[in-house]
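Student: Got a structure for you, written out below as structure tokens; questions coming shortly.
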Amino acid sequence: MGKRRRQRRGDEDVSALSKKHLKEFGEQHPFYDKVSQRAERTQVVQLPESSEEESHESGSEPESEPENASVYHQLLATLKHVSDDEEEEDDDEEDDDNEGVEEAEGQSGAEEEGGASEEEEEDNGEENDTAADKLSGEKAEGEDLVAEVEEEDDDKKPEDPTQEGEEFTDTKHESAFSLETNFIDADMEDYKDRPASPSAVTSADPFKKHVARELEEDDITQISTSSKKTVNSKWPTLGQLAFTSTFKEALPVKLDKENDPDKLYLRKPLDSTWPKVNRLYLPNQPEQNFTSLQRELFTVMDSYKDLYYPSRLATAQGEEIRHVYCLHALNHVLKANSQVLNNNTRKRDQKSGLDEEDLRDQGLTRPKVLIVVPFRESALRVVQILISLMEVPDKKVDVSNKKRFKDQFGCAPEDRPPNLRRPDDYEAVFSGNIDDHFRIGVAILQKSMRLYSPFYSSDIIVASPLGLRTIIGSEGEKNRDFDFLSSIEILIIDQADIYLMQNWEHVLHLMSHLNLQPTDSHGVDFSRVRMWSLSNWSKYYRQTLLFSALQEPQINSIFNKHCFNYNGQVAVKNIPKTGSICQVLVQLPHVFQRLEADSVLSVIDARFKFFTDKILPQYRDAIMSHTLIYVPSYFDYVRLRNYFKKEELSFTHICEYTDKPGISRARQFFLKGQRQFLLVTERFHFYKRYTLKGIRNLIFYELPTYPHFYSEVCNMMKAWKQGEEATWTCTVLYSKYDAQRLAAVVGAERAAQMLQSKKNVHLFVTGENN
């Protein structure tokens with residue numbers, strides 16, 4: 001009774017903030033995961049029962065087997081025993097706690113109240129919020145939140161794991177999804193009775209070939225120190241491919257033109273569910289299972305090589321790509337779990353000639369796949385695809401916590417105003433729930449799936465960079481944890497370009513904490529851990545799939561500096577033939593001015609000096625009013641804003657943090673000519689996509705990150721008087737370090753000429769005279 005009363009007092013001390021955290025993410029901080037404690041307690045009790053002396057006295061091996069099994073089941077019974085009265089009491093307390101929880105979506109940004117008269121109706125309905133750089137405000141909240149979770153955990157640490165809240169530790173689901181206590185079943189015969197590691201090296205299954213390969217010290221040294229060798233090839237749909245590797249035994253991937261499902265080594269039930277799920281993209285080709293793009297992407301994925309695909313546009317083929325990487329991730333998890341369950345069966349049956357080394361089939365922690373997506377809507381679609389791939393005909397897959405997941409990650413139709421007018425790519429990116437602070441664990445076993453599983457009991461983790469950052473924490477923080485990232489075998493970063501508009505630092509922080517040696521054992525059975533994982537070589541086996549809408553140096557650096565796959569890397573490198581300047585419809589002269597810089601670091605100061613000394617003096621005259629200055633970097637924006645204030649210039653400014661009244665005033669001042677200059681950040685345009693009226697002169701302080709933003713901003717210019725367009729100007733600053741952005745705007749051939757030319761000024765004219 002005393003223990004029960006202590007638990008009640010702990011429940012009463014739980015703050016609303018902690019309850020909100022637990023309800024949002026469905027799991028406590030991994031630092032407090034109870035799964036590891038339960039496993040460790042099991043091992044301690046088993047040790048006396050399996051001593052060598054008793055095994056010798058038993059006389060025969062069959063006689064000792066029932067004894068071991070009975071002790072094991074008795075131990076489980078003691079862990080899982082809870083009276084009916086206590087279970088009902090727990091449910092009542094949980095319901096009382098949930099009544100006071102307030103759930104609020106953390107969104108930031110600014111919306112417009114006024115502005116040009118033609119957009120008032122549109123702005124009143126705007127509800128999409130800026131999600132960029134939210135760590136500064138949420139990190140402090142996250143620290144308090146973690147501290148409160150710790151306080152709650154200290155107050156209520158029940159001896160029985162089942163006493164924990166039903167919402168977070170369900171005994172039924174815990175046992176059903178535990179890899180340690182489950183065995184192979186009749187529907188998984190294709191893996192049964194197959195030998196493990198030694199013959200797996202010669203198996204044709206790419207999964208077995210990849211994980212069973214044992215690298216040597218010399219191989220690791222070669223991968224770490226050798227220079228990369230590149231082999232170029234061209235595929236029908238992907239285009240130009242560059243295969244790079246530092247490991248001499250890594251071979252370039254070859255495109256298999258056949259589409260035979262038997263040769264894809266798809267795990268049950270994927271071989272039967274994938275054709276049905278993917279039928280949406282092949283309506284007129286019933287004999288095909290993949291589109292041409294999916295087939296080539298899956299060929300690279302199934303070879304377990306790293307992949308960088310920088311042509312993942314939001315409006316074209318985005319869902320096709322999401323389907324195929326979900327197929328690969330789920331196929332990997334099902335194969336890995338089946339191998340573990342099969343070895344559990346072999347170990348339980350004590351088959352003759354069983355070698356302990358053959359049973360090494362796990363990592364140091366259970367999570368195998370990490371899928372990083374920008375918004376809750378993206379996570380919703382990923383999980384829905386995983387569920388549909390598990391649903392065999394005439395039988396739905398058993399998904400726990402499905403309703404709660406849809407409530408928290410879905411979006412009601414009435415939440416989106418019907419009067420928004422935005423480009424197609426904006427509608428594709430910002431549809432649904434655009435909250436960017438989330439994480440969820442998914443456990444998959446045989447014919448069922450568990451959502452909101454604790455990280456150390458999960459196979460797949462779907463999260464945003466911000467959601468992971470609040471768990472990983474920073475150096476010096478007490479309650480940080482990243483051990484669940486130690487054995488990630490497949491990393492999928494989807495829509496990487498959007499993270500440039502959020503906070504790229506979160507992605508870099510995540511990459512630096514992948515595949516590190518864990519600080520705690522978390523109840524792992526080290527006799528089942530693969531040797532390359534024990535040797536801390538997991539990063540050389542991890543496959544990274546990187547999808548982006550554009551090529552940027554920051555994204556390229558992730559692929560070049562944080563990917564060490566011994567199988568090599570495949571990067572799609574298609575050169576843009578025509579740039580986005582061809583989409584400019586207005587008649588406008590474009591003056592591209594090249595600035596000189598000695599290094600990447602010095603180009604920032606060189607651009608500011610070039611702008612203030614040579615560009616800005618040309619626009620100080622009153623005749624050059626209505627000048628819009630487009631600034632991609634927020635730091636450059638702050639620098640220019642401070643300079644304009646110091647010089648007392650007539651200007652106004654808008655960024656992603658400007659509130660609605662501020663946006664309205666700035667647009668009115670600029671439209672009526674009451675302010676000569678208008679500073680605008682790229683992220684404001686990314687999150688709002690407003691049409692800014694009154695532009696007569698346009699300055700791109702730096703080339704846009706998204707090439708189509710160039711044409712969008714130029715097309716905002718509209719003549720109010722006849723012949724007014726003759727006075728319009730457009731000035732663009734660029735350097736040799738902007739080669740990729742320049743090629744995306746003017747085309748690869750023109751960009752090469754502009755960078756190599758002795759002239760620093762180049763002129764383009766768009767539009768036609770009618």
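The values are calculated or read from the model by the stated rules, or taken from the named source; none is laboratory data. In this text, all values refer to a predicted model and were calculated from it rather than measured experimentally. Neighbour counts are summed over all protein chains in view; Cβ atoms, including those assigned to glycine, are modelled from backbone coordinates with ideal geometry. Note: areas computed on protein heavy atoms with side chains; ligands, DNA, RNA excluded. Shrake-Rupley method; radii C 1.70, N 1.55, O 1.52, S 1.80 Å.
Student: Ignoring ligands, DNA and RNA, how do K229, K688, K693 rank by accessible area with a 1.4 Å probe, largest first? Present the calculation step by step, with values, prior to reporting the outcome.
Tutor: Details: K229 145, K688 0, K693 35 Å².
The ranking, largest first, comes out as K229, K693, K688.
Student: Can you tell which of I654, T681, Q668 lies farthest toward the positive end of the dipole of region 615-686, using +1 and -1 charges on the Cβ of basic and acidic side chains (Lys, Arg; Asp, Glu)?
Tutor: Farthest towards the positive pole: Q668.
Student: On to the next question. Per the Kirkwood definition applied to all pairs of different Cα atoms, how many angstroms is the hydrodynamic radius of region 509-560? Write out the running numbers ahead of the final one.
Tutor: Values: mean 1/r = 0.0739 Å⁻¹.
Final number for the Kirkwood radius of region 509-560 is 13.5 Å.
Student: Give a residue-ordered list of calculated ³J(HN,Hα) values for region 331-346 (Karplus: 6.51 cos²θ - 1.76 cosθ + 1.60, θ = phi - 60°; whole Hz; x for Gly, Pro).
Tutor: Per-residue couplings from phi come out as 4, 5, 5, 5, 5, 5, 5, 5, 5, 5, 5, 5, 5, 4, 5, 5 Hz.
Student: Measuring with a 1.4 Å probe in the full set of protein chains, what accessible area per residue, in whole Å², belongs to region 296-364?
Tutor: Values: 1840 Å² over 69 residues.
Value for region 296-364: 27 Å² per residue.
Student: log10 I(q)/I(0), Debye, Cα-only region 359-453, no solvent, q = 0.12 Å⁻¹?
Tutor: So the normalised log intensities work out to -0.50.
Student: Could you look at region 324-475 and say what percent of its accessible area is carbon and sulfur, using a 1.4 Å probe and all protein chains? Can you show the working numbers first?
Tutor: Values: 2210 of 4730 Å².
The C+S portion of the solvent-accessible surface of region 324-475 is 47 percent.
Student: In addition: Compute the projected area of the convex hull of the Cα atoms of region 430-474, averaged over all viewing directions, and report it in nm² to one decimal place.
Tutor: Its average projected convex-hull area is 4.1 nm².
Student: Further, regarding this structure: Long-range amide H contacts for V732: which residues qualify at under 5 Å (H placed 1.01 Å from N, peptide plane, sequence gap of 5 or more or a different chain)?
Tutor: V591, F592, Q593, F700
Student: So, one more: Which log10 I(q)/I(0) values, to two decimals, does region 660-720 give at q = 0.22, 0.29 Å⁻¹ under the Debye formula with one point per Cα?
Tutor: Rounded to two decimals, the profile gives -1.00, -1.54.
Student: Kindly write out, for region 578-594 in residue order, the coupling ³J(HN,Hα) from the Karplus curve 6.51 cos²θ - 1.76 cosθ + 1.60 (θ = phi - 60°), rounded to whole Hz, with x marking Gly and Pro.
Tutor: For region 578-594, the Karplus curve yields 10, x, 6, 5, 5, 8, 6, 9, 7, 7, 7, x, 10, 9, 9, 10, 8 Hz.
Student: Where does the Debye-calculated log10 I(q)/I(0) of region 315-400 sit at q = 0.25 Å⁻¹, using only Cα point scatterers of equal weight, no solvent?
Tutor: Relative scattering, expressed as log10 I(q)/I(0), comes to -1.28.
Student: When every alpha-carbon pair in region 517-627 is counted, what percent end up more than 18 Å apart? Provide the component values of the computation, followed by the final result.
Tutor: Details: 4561 of 6105 pairs.
Beyond 18 Å sits 75 percent of the P(r) for region 517-627.
Student: From the phi of every residue in region 320-326, what ³J(HN,Hα) in whole Hz does the Karplus formula 6.51 cos²θ - 1.76 cosθ + 1.60 yield, where θ is phi - 60° and glycine or proline is x?
Tutor: 4, 5, 4, 5, 6, 6, 5
Student: What is the projected area of the convex hull of the Cα atoms of region 619-673, averaged over all directions, in nm²? If you can, show how the numbers build up before the last one.
Tutor: Working: hull surface 16.0 nm².
The directionally averaged projection comes out at 4.0 nm².
Student: Could you rank the peptides 581-591, 733-743 by their average count of other C-beta atoms within 10 Å per residue, with the highest value first? Each step should come with its number before you reach the end.
Tutor: Numbers: 581-591: 16.8, 733-743: 20.2.
In descending order of packing, they fall as 733-743, 581-591.
Student: On to the next question. When the accessible area of region 488-567 is computed with all protein chains present and a 1.4 Å probe, what percentage of it is carbon and sulfur? Intermediate values should be presented prior to the final figure.
Tutor: Numbers: 1210 of 2340 Å².
The C+S portion of the solvent-accessible surface of region 488-567 is 52 percent.
Student: For a protection proxy built on the mean count of beta-carbon atoms within 10 angstrom, sort 626-639, 279-292, 301-314 highest first, please. The partial results should precede the final answer.
Tutor: On the way: 626-639: 19.7, 279-292: 13.4, 301-314: 22.1.
Per-residue Cβ counts within 10 Å, averaged per peptide and sorted highest first, yield 301-314, 626-639, 279-292.
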